[in-house]
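Worksheet for the structure shown next.
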Amino acid sequence: MTLLSFKQKLYATLESHYPTSEIDSFFKIILEDVLNLSKIDFALEPNKIVSDDKNTKIDQIISRLAEHQPIQHLIGFTEFMDLKIMVNEHVLIPRPETEELIRWILNDYSTAPNLDVLDIGTGSGCIPIALSKSLNDANINTIDISTKAIETAKKNAEINKVNINFIHQDILTTNQFPQQYDVIVSNPPYVRNLEKAEMQKNVLEFEPHLALFVEDNDPVIFYKKIAELAISAIKPKGALYYEINQYLGKETIELLKQIGFKNIELKKDMFGNDRMIKATF
Ligand SMILES: C[S@@+](CC[C@H](N)C(=O)[O-])C[C@H]1O[C@@H](n2cnc3c(N)ncnc32)[C@H](O)[C@@H]1O
């Protein structure tokens with residue numbers, strides 16, 4: 001197979017499954033991560049022969065993409081804040097909206113030394129790893145209920161050469177935090193079952209439901225529990241940061257006020273949806 005015939009096969013197999021823009025991005029990712037080539041290499045030498053072993057790998061990827069498996073699972077990793085983050089079926093694939101939350105925290109705290117930070121619901125470890133890379137000598141702790149997620153996050157911490165304290169814990173049955181923190185951050189499960197209809201197959205069938213869904217009758221359960229614990233565990237100049245369900249901004253702000261937070265700021269993401277909250281006393 002040549003590079004050109006690989007490209008033709010990719011587009012022909014997937015055109016009925018995905019918009020062209022998405023197939024363009026699969027093409028770029030496979031070129032870069034499987035073949036170690038750029039689009040310029042392709043333009044210069046479209047008839048270059050692909051080796052048999054790469055050929056087999058690419059065929060597998062194309063047929064799994066046709067089943068709507070996420071490209072990140074097929075490649076084995078994704079990029080988050082320019083860091084390489086390994087992903088699998090046990091962790092949520094880090095989203096660009098979460099990068100915006102990280103930038104907000106770094107904008108507020110990047111020059112502060114020795115911060116005590118707690119992240120709740122670590123998944124791949126993308127949040128604590130990105131914070132650890134950019135904060136100066138921070139003490140970073142992170143909780144998840146999933147042992148498989150913690151194993152993955154630990155590997156990601158090793159790959160990215162950062163030191164993080166991983167805690168296997170159910171936040172919903174936690175009575176108090178063991179210390180005071182400057183920053184508490186969480187991107188907890190927040191999708192209601194009633195929102196399933198608007199979700200894509202690659203998310204619904206291949207990402208962990210433990211990371212995504214909450215009960216429809218109590219969709220802010222994690223926000224309430226974390227805020228109740230945080231109110232007595234945030235240092236005087238500290239803050240609580242949440243990624244939120246775009247449809248539940250008002251409800252989340254209301255519960256933060258009831259719990260005792262005074263200053264609450266809501267921000268939209270790059271798509272114009274209500275997506276993150278910062279709360280202080
Ligand atoms: C939306 S994912 C966020 C993952 C990652 N922080 C990110 O932003 O990509 C939520 C995470 O919360 C974890 N989780 C779910 N229920 C939990 C609980 N009761 N206690 C602690 N963690 C929980 C899930 O295992 C999952 O890793």
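The values are calculated or read from the model by the stated rules, or taken from the named source; none is laboratory data. The model shown is predicted, which means the values in this text are computed figures rather than measured ones. For neighbour counting, all protein chains shown are included, and Cβ atoms are generated from backbone atoms with ideal geometry for every residue, glycine included.
A few points about this structure:
- Matching residues in region 180-203 - criterion: being away from the ligand (no atom under 14 Å from the Cβ), farther than 30 Å from VAL117 by Cβ and surrounded by fewer than 17 Cβ atoms within 10 Å (Cβ to Cβ): ASN193, LEU194, LYS196, ALA197, GLU198, GLN200, LYS201
- Which listed residue, of GLN246, GLN200, GLN180, GLN258, is at negative phi, at pLDDT below 95 and of a type outside the set (Val, Ile, Thr): GLN200
- Taking the criterion of being in a loop (DSSP other than H, G, I, E, B) and either within 14 Å of the ligand (Cβ to nearest atom) or assigned by TED's automatic domain parsing to the domain that holds ILE58 (or both), the residues of region 70-102 that qualify are PRO70, MET81, VAL87, ASN88, GLU89, HIS90, VAL91, LEU92, ILE93, PRO94, ARG95.
- Flag for ASP170 being acidic (Asp, Glu) and within 13 Å of the ligand (Cβ to nearest atom): yes
- Residue within region 207-214 that is within 16 Å of the ligand (Cβ to nearest atom), within 24 Å of GLN180 (Cα to Cα) and either within 23 Å of the chain's Cα centre (by Cα) or not in a helix (DSSP H, G or I) (or both) present: no
- Test for ILE105: is it in contact with a strand residue (DSSP E or B) (Cβ under 8 Å, 6 or more places away or on another chain) and outside any helix (DSSP H, G or I): no
- Taken together, the criteria exclude MET270 from residues that are of a type in the set (A, V, I, L, M) and crowded, with 21+ Cβ neighbours inside 10 Å.
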